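Take a look at the structure below.
Nothing in this text is a laboratory measurement; each read-out follows from the coordinates by a stated rule. Since the model is a prediction, treat every value here as computed from it, not as a measurement. Note that each Cβ is placed from the backbone with ideal geometry, even for glycine, and that neighbours are counted across all protein chains shown.
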Amino acid sequence: HLIGHSLGGVLARSTAARWPDLVASCITMASPFRGIRVHPFVLQTAHLVRGRILQRQNGDADKKPHCYSGYCTCQFLNSLRDEFPADIPQIAIYTKTDGVVDWRFCINELDDGTDIQVPGTHVGLAFNPQVYKHIANFLAEPASYRQTKVA
């Protein structure tokens, strides 16, 4: 079972896509797995971090100019774009008052009960008792959250 908050949820989904035989279920919390749309200050901070990483690499930055950016083509970043396996139970816990990421990028949009809205903020979800209740219920019976129709 994989559980991830924010970027951790994006990484959990990527792991499930790459190694579906090793993953029993996936739970994301405030994870923008459908795209990136974040607060401008978050993007500014990411740009500063990228600059420092490239600066520390000395001359190696010219060899891979797109590393640590949205244009990177490494195997890991490509796996972030992989389709999520339909046979792995999943839920996406989100809040419309996130404040960091756009909640619309944190949902499955499957209309099958796998998107769970709770009150709170981006960081607050990690401490929200309602979130832990949903996680416990899902882990106890993940199949009950899955779409009952098989296409």
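Full extension of the chain between residue 84 and residue 123 gives 11.6 nm of extra length, using 0.36 nm per residue less the Cα-Cα distance.
This ranking places 94, 132 by how few other beta-carbon atoms lie within 10 Å of each, fewest first, which gives 132, 94.
Residues within the reach of a label modelled at residue 15 (point 7 angstrom out along Cα to beta-carbon, backbone nitrogen below 16 Å), restricted to the range 91-133, are 91. Counting every other Cβ atom within 10 Å of each residue's Cβ, 122, 47 order from fewest to most as 47, 122. Per-residue Cβ neighbour counts within 10 Å put 100, 23 in the sequence 100, 23, beginning with the fewest.
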